[in-house]
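The block underneath contains the structure these notes are about, expressed in structure tokens.
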Amino acid sequence: MKKTTTLLQKIMLFFFLAFSLIGYAQHFTVTLDNFISTSNTFEVDVILIINTPAEGVRLCGLSTGINFNPAILNGGTPCTTFSNSGCDSWMLIPGTIAPELTVNGGLNTMITGNRANPAGHLRIVQVPMATSLVDLVPGSYRIGRFRFSNTVPWALDSDPELWLSPTNSSPAAGSTNTVVSFSYFGVSSPIMNYTTTFLNPSNEPGVTLGYTQESPMHRAMNIPLATMPSEESEQIATAFPNPFSSTFQLNLTTVSSEMVQVSVYDMLGKLIEDFNVESNGITSFSFGEKYAAGIYNVKVVQGDKTQVIRMIKQ
């Protein structure tokens, strides 16, 4: 009787786990965020969002690949080997992994292939499976921040057009499908793999992507700084430093006493800030602290004079 009970318990546990796998749908989003660039590098965060269930999951692994517009390379030759040895086109910036993923050893985020094929695919992230990881409740977790370096400056006025691979055959053979490996909250096994093409019991993809080929991450890179007007032109103000990392200072140089209007627009033409300044009052002030990294046009108007200064925040 004792053996029968033990066997029955095992059968019940098996069906409990099986039922959980069928009726306890998971959902993840993998996306990119916080893009910045210099003349020949760009950085971007790879973010995992755990959407469901409410209890969370035990994350065991993640792999993905980023595609880009190869025209940005401008003749440069990024590393094309599959080994980290002697290849540093891609690098994980130290200390950028979410702290929840590093507890007790956590996930060992690493770069498995610094690859830039002609189609513009970069296989960058691979977290190996493990069974002794911390539980993660629904929320956003940074898998890591990665920097890509070109051997020459980016093409002028170029757009990296970053997007994530939905399948292993897009855009070319060898691309990296996006895969999330996990087990249930508090359970080290069974381990499940959800991908951008795998259908879970609800007939929905277990993983969706924040940026796709149809809707890539557009950013402007290597844009020439606006030429500052000469003393003989209709100069109203100067601005520095440019690029800036926190704030920049706008100095009014006009001798007129007319009101000065300052308007700041992002690269999509959205008005970010708008205010008026008495030119016979304060002639120097700082702002831009709350701006996200990117490129901004600062429009300065006084009477019939207009000046536009292009600023870059890193």
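General remarks:
- Close amide H pairs (under 5 Å, H built 1.01 Å from N) link Gly210 with Val30, Thr31, Leu32, residues at least 5 positions away or on another chain.
- Ranking of Glu289, Glu43, Glu55 by solvent-accessible surface, largest first: Glu289, Glu55, Glu43 (1.4 Å probe, protein heavy atoms only, all chains present).
- By average C-beta atoms within 10 angstrom, highest first, the peptides 59-69, 27-37: 59-69, 27-37
The values are calculated or read from the model by the stated rules, or taken from the named source; none is laboratory data. Treat the numbers as computed from the prediction; the structure is a model and nothing was measured. Please note: Cβ atoms are built from the backbone with ideal geometry, for glycine as well, and neighbour counts cover all protein chains shown. In case anyone asks, the SASA skips ligands and DNA or RNA and just uses the protein heavy atoms, side chains included. Shrake-Rupley method; radii C 1.70, N 1.55, O 1.52, S 1.80 Å.
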